[in-house]
Amino acid sequence: MTTAHQFAHNFLREKGFKRIPSTFLHKYEGIMPVKNTEFSLEISFYELDFIDFPEYRLLNIPEGLNPHLPHVEPDGSLCYLDKEFIYLDRYNPEDNFVLCFQCVENLLASYAENDTRKFSQDYADEFTAYWQGKFFAYIKSWNYPLQALMFDRYSILDNAKEKTEHEIIIFNNQQEANTWLKLRNAANTAHSNKTIPVIVTKLTQPKLIRLFEKWPLSSRQEFFAWLTAIDPSAAQSFISSLLTVIKNNRSSYVVLQTPGGNVGALIEIDKQIVEALKRSQNQRQNKKGNKPASPSSILLRKSLVKEKFFLINVRDASDSRITTRNQDKEFSLVGKKIALIGCGTVGSFTALLLAQLGAGIQDNTHKGVLALFDPDILMPDNLGRHVLNMSYVGENKALAMADFLTNQAVSNTINFIGNNKRFDVKNLALFSKYELIIDATGNEAFSTSLSHYYHRSETLNVLIHGWVIAAGKAVRAILDDRTGACYRCLRISNQDGELQERFKLFSKDKEPPDPIKRNCGNAYFPYASGASASAAALIQQLAIDYFSGNPSPRFRHSSLSLDVQHTKNCNPQKLDICPCCSKIL
Ligand SMILES: [Zn+2]
């Protein structure tokens, strides 16, 4: 027993807990009295390294307390601290063991006080965890009207195709569904069930869920009674959608949007109930004042035949959710028109990072494109630092990258265009339709020429260059919007007329290594793909900042080695002597 375990043992003994036999774990049982309520607990722990926190399990719910308590797992385990957000130091196990104990005391105190308002909020946050859906439904679009299709799929890891599982896709148009079925390895799609309409209802606060003894919900009446009790206006909105749906369908899915996530159910309604609902509508329209049965009361009636009913957990797989959830603000590149020149090592990572932000996804007005340009063929030599894999070797890099992104994307509104033609850098007119042009070629001669013609064109928007430099020991990027330095402004001539870096790279005595020579004209610097990913990261952030309205600082540098001296990100002035942007030759 370690000192920490000895401490924990003594501490729990003092608190009245008794050690019970266990093969691997340290296990204790006892009563924790909190606010005049006695809670029976089992405490267990193994290492006190706090990778896992000590487990506190409620052995029963004390009499007089509500049976539905927040932060309790089905087996009674208490969620008293969130491991994702709290770090407990393994080098201070005694204090942290006591801290855990106190957190449990606080949680139990909230149960004893029956703090309804706090419960409601906690329950709302954890709501989806309590729902206990039987299947997962993925919602691909929030554009109404929505339909749902249940299908069988093989896991992508199930190479032998031995076992299928049910999944539900909720979509707006058939193309979305088709793309989904393909991506999700659907089995036998030709025999898929017919689609079922989807009703979306928003719940502001699913607060009284714990008052219901009957849980999980298991029938149409229970569902409707529960919905009416917790949110009458949501119930009304559900009814009005349902009355439209039942004209043609006895079954529908309902998706409930809650603050803690989305859940839902499949609801089938017996013919007689459907007829009664329809009658209630007609009577309302024809003979006002007769007080026909209201739809709400009809929906609470029992059916004489069995109606299909099951709960679903709904996962938001929409483009907007995927592309914006990791951003501070609701930022995405959906709908932006971006051209990326160069699909080599830096370009391939850049394309991927931009696509993850929504580049190439069209918005509601069908705008949005990520156009990729590269005339080169993917070779086995490239694979060590390229996003693409062996299956694309021998293909054009831009076309292959566009295909790769298309297969990666779950969106059906994607617009990745690959261009394999070598274009004339003098003729940049075709780029005037893009809001942003990104140069990831890493080729100084090309980049200089691109910058040259950019500064002689009236119609081009903004240009970003990003590259790996110093033999892979640093990465740089610059955004050129004609307000400051251009790509060439980062190079200055010394007295002998040799070009040098304006922002020096190497510390003294840290001369750059020579590139490895292959055959004629095929020299390259050996560096790991991490450098390319770092350059792509600089480009991605510049693109975010540009579309967010503040591209400053326009020049960004990141050192990957101590050989390279520190350079601050800045907005460099354009040079009066720059042959590229100052003297229009
Ligand atoms: Zn310049």
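The values are calculated or read from the model by the stated rules, or taken from the named source; none is laboratory data. Given the structure is predicted, the values throughout are model-derived calculations rather than measurements. Using ideal geometry, Cβ is built from the backbone for each residue, glycine included, and neighbour counts are taken over all protein chains shown. Each accessible area value is taken on the protein alone, full model and side chains, heavy atoms only, with ligands, DNA and RNA left out. Shrake-Rupley method; radii C 1.70, N 1.55, O 1.52, S 1.80 Å.
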Review point. Any idea how far apart residue 132 and residue 3 come out in nm if each label point goes 7 Å out from Cα toward Cβ?
Key: 4.7
Practice item. Please return the longest stretch of the chain lacking exposed loop sites, where GluC sites (Glu not before Pro) count only if DSSP places them in a loop and at most 11 other Cβ atoms lie within 10 Å. Key: 331-457
Revision key, fill the gap. In Å², rounded to a whole number, the accessible area per residue of the chain with probe 1.4 Å is 52
Review point. Given the Cα-Cα distance of residue 164 and residue 202 and 0.36 nm per residue of separation, how much length would full extension add, in nm?
Key: 10.5 nm
Practice item. Just tell me the longest site-free run in the chain, where the sites are chymotrypsin sites (Phe, Trp or Tyr not before Pro) in a DSSP loop having at most 11 other beta-carbon atoms within 10 Å. Key: 92-585
Point to revise | Cα pair distances of segment 3-114 binned at 10 Å [whole percent] | key: 14, 49, 32, 6, 0
Review point. If you wrap a convex hull around the C-alpha atoms of segment 395-480 and split its volume per residue, what is the figure in Å³?
Key: 133
Point to revise | Point-to-point label distance, residue 320-residue 83, nm (Cα→Cβ direction, 7 Å offset) | key: 3.5
Review point. Got a sec? Charge dipole of segment 326-559, +1 on Cβ for Lys and Arg, -1 for Asp and Glu; which of 442, 550, 398 is way out at the positive end?
Key: 550
Check your understanding: What's the carbon and sulfur percent of the chain's accessible surface, probe 1.4 angstrom, rounded to a whole number?
Key -> 48
Revision key, fill the gap. Out of 559, 37, 303 - ranked by how far each Cα lies towards the positive end of the dipole of the chain, with unit charges on the beta-carbon of charged residues - the top one is 303
Point to revise | Residue-by-residue Karplus 3J(HN,Hα) for segment 47-56, coefficients 6.51, -1.76, 1.60, Hz, glycine and proline x | key: 6, 9, 9, 6, 5, 10, 7, x, 8, 10
Study note, to complete from the structure: The answer for the net charge of residues other than residue 242 whose Cβ lies under 13 angstrom from its Cβ, with Lys and Arg +1 and Asp and Glu -1, is +3
Review point. How big is the charge dipole of segment 135-316 about its Cα centre, in debye rounded to the nearest 20, if each Lys and Arg gets +1 on its Cβ and each Asp and Glu gets -1 on its Cβ?
Key: 780
Practice item. Between residue 271 and residue 435, with labels modelled 7 Å along Cα→Cβ, what's the label distance in nm to one decimal, could you check? Key: 5.5
Point to revise | Lys pairs, segment 364-507 - Cα-Cα below 25 angstrom, 8 or more residues apart or on other chains | key: 8
Check your understanding: What percentages, rounded to whole numbers, describe P(r) for the chain computed over all alpha carbon pairs with 20 Å bin width beginning at zero?
Key -> 16, 34, 33, 16, 1, 0
Review point. Where nothing but the Cβ of Lys and Arg (+1) and of Asp and Glu (-1) is charged, how large is the charge dipole of the chain around its Cα centre, in debye to the nearest 20?
Key: 2360
Revision key, fill the gap. Looking only at aspartates and glutamates whose Cα falls under 14 Å of residue 83's and that sit 8 or more positions away or on another chain, we get 49, 52, 55
Point to revise | Partner aspartates and glutamates for residue 35 [C-alpha distance under 13 Å; skip if fewer than 8 residues away on the same chain] | key: 105, 113, 115
Exercise for review: May I ask for the net charge around residue 220, where only other residues with Cβ less than 10 Å from the Cβ of residue 220 are counted and Lys, Arg are +1 while Asp, Glu are -1?
Suggested key: -1
Check your understanding: Which residues' amide hydrogens lie under 5 Å from the amide hydrogen of residue 187, considering only partners 5 or more residues apart or on another chain, with H built in the peptide plane?
Key -> 152, 153, 154
**Study point:** Helical contribution to [θ] at 222 nm, DSSP H n ≥ 4, -39,500 (n - 2.57), averaged over the chain, rounded to 500
**Key:** -9000 deg cm²/dmol
Check your understanding: Roughly speaking, what is the stretch gain from residue 301 to residue 408, that is 0.36 nm per residue apart minus the C-alpha to C-alpha distance, in nm to one decimal?
Key -> 33.8 nm
Revision key, fill the gap. Taking the dipole of segment 3-114 about the Cα centre (Lys, Arg +1; Asp, Glu -1; charges at Cβ), the one of 10, 65, 48 that reaches farthest to the positive side is 10
Review point. By the scheme Lys and Arg +1, Asp and Glu -1, what is the net charge of all other residues having a beta-carbon under 14 Å from that of residue 165?
Key: +1
Check your understanding: Where both residues lie in the chain, what percent of DSSP beta bridges are antiparallel, nearest 5?
Key -> 70
